[in-house]
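Chemist: What follows is a structure written as structure tokens; I'll ask about it next.
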Amino acid sequence: MVPALAVGHHGSCSTRVLGFAAMRILRMVIVSVAGLLVLVGLVACSEDDVAGVGQTAVASMSGPDGVPMGAVTLEQGPNGVWISADVSGLTVGAHGFHIHSVGACTPDFSAAGGHYAPGGEGHGFMHPEGSHAGDLPNIHAGSDGTARADHFTDKVTLAANGATSVFDSDGSAIIIHDKPDSYGPEPGAGDRVACGVITRT
Ligand SMILES: [Cu+2]
């Protein structure tokens, strides 16, 4: 087949060679641009649709009596979610801190359900089969009852969809417990002393 850029049987040999060279370069450019577009498309997909990079959320925490107890902010990064707690009104010491499976704190904190565990793993960081996605390290309150903590997890996302998104059909909540999580198969963290529904910001 004679390429379109070649001049047919009336053209000189050198013109025809030039035509082939131009075609080859053109083809390389087209393949490169197509490859680049696919790459850009993949990155855009993973940022916007799959991982939700850049998405932020907050859980405004309050006690069973409705008293505000600070906030927990969440931000989706390329490799996981950064969860930052700035809470008050706690008793001194360690408190269990989890993502629970339902985005509800009323009529009482039991509405938040159990730990968020879309993969169905066992409870606790020390569990041989792995921990619930919603398991997070304890937070520690000082003598003034405030606690600040930064956590990072790749077990949940803030994406609009996906199997491990906290924004699944029934949402998710942050719960702070009266006692520390044991990190073992039995949480042992006791009563729920603060609750906040995770909402997009
Ligand atoms: Cu909990």
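Chemist: Name the residue, out of Ser143, Ser131, that is part of a loop (DSSP other than H, G, I, E, B), under 18 Å from Pro180 (Cα atoms), within 20 Å of the chain's Cα centre (by Cα) and not aromatic (Phe, Trp, Tyr).
Modeler: Ser131
Chemist: Further question: Which one is nearest to the chain's Cα centre (by Cα) among residues in the range 89-106 that are crowded, with 17+ Cβ neighbours inside 10 Å and more than 11 Å from Ile139 (Cβ to Cβ)?
Modeler: Ile99
Chemist: Now for a different question. Please work out which one of (1) more than 14 Å from the ligand (Cβ to nearest atom); (2) at pLDDT below 95 is the condition Phe152 fails and give its number.
Modeler: Failed condition: (2).
Chemist: Determine which single condition Cys105 fails, assuming it passes every other condition in (1) within 22 Å of Trp82 (Cα to Cα); (2) within 16 Å of the ligand (Cβ to nearest atom).
Modeler: (1)
Chemist: Being more than 12 Å from the ligand (Cβ to nearest atom) and either assigned to a strand (DSSP E or B) or crowded, with 22+ Cβ neighbours inside 10 Å (or both) is the filter here, so list the residues in the range 160-195 that pass it.
Modeler: Ser165, Val166
Chemist: Can you tell me which of Ser110, Ser131 is surrounded by fewer than 22 Cβ atoms within 10 Å (Cβ to Cβ) and at pLDDT below 95?
Modeler: Going through Ser110, Ser131 in turn, just one is surrounded by fewer than 22 Cβ atoms within 10 Å (Cβ to Cβ) and at pLDDT below 95: Ser131.
Chemist: All but one of (1) surrounded by fewer than 15 Cβ atoms within 10 Å (Cβ to Cβ); (2) within 16 Å of the ligand (Cβ to nearest atom) hold for Pro118; which doesn't?
Modeler: Unmet condition: (1).
Chemist: OK, next. Just the residues that are part of a loop (DSSP other than H, G, I, E, B) and under 16 Å from Ala147 (Cα atoms), please, taken from the range 69-117.
Modeler: Ser88, Gly89, Leu90, Thr91, Val92
Chemist: Looking only at the range 127-146, which residues are within 15 Å of the ligand (Cβ to nearest atom) and within 18 Å of Pro68 (Cα to Cα)?
Modeler: The one that is within 15 Å of the ligand (Cβ to nearest atom) and within 18 Å of Pro68 (Cα to Cα): Ile139.
Chemist: Against the definition (surrounded by 16 or more Cβ atoms within 10 Å (Cβ to Cβ), more than 15 Å from the ligand (Cβ to nearest atom) and not hydroxyl-bearing (Ser, Thr, Tyr)), how does Gly124 come out, yes or no?
Modeler: No; evaluated as a whole, the condition is false for this residue.
The values are calculated or read from the model by the stated rules, or taken from the named source; none is laboratory data. From a predicted model like this one, the values you see are computed outputs, not experimental measurements. Cβ sites come from the backbone with ideal geometry, for glycine too, and all protein chains shown count toward neighbours.
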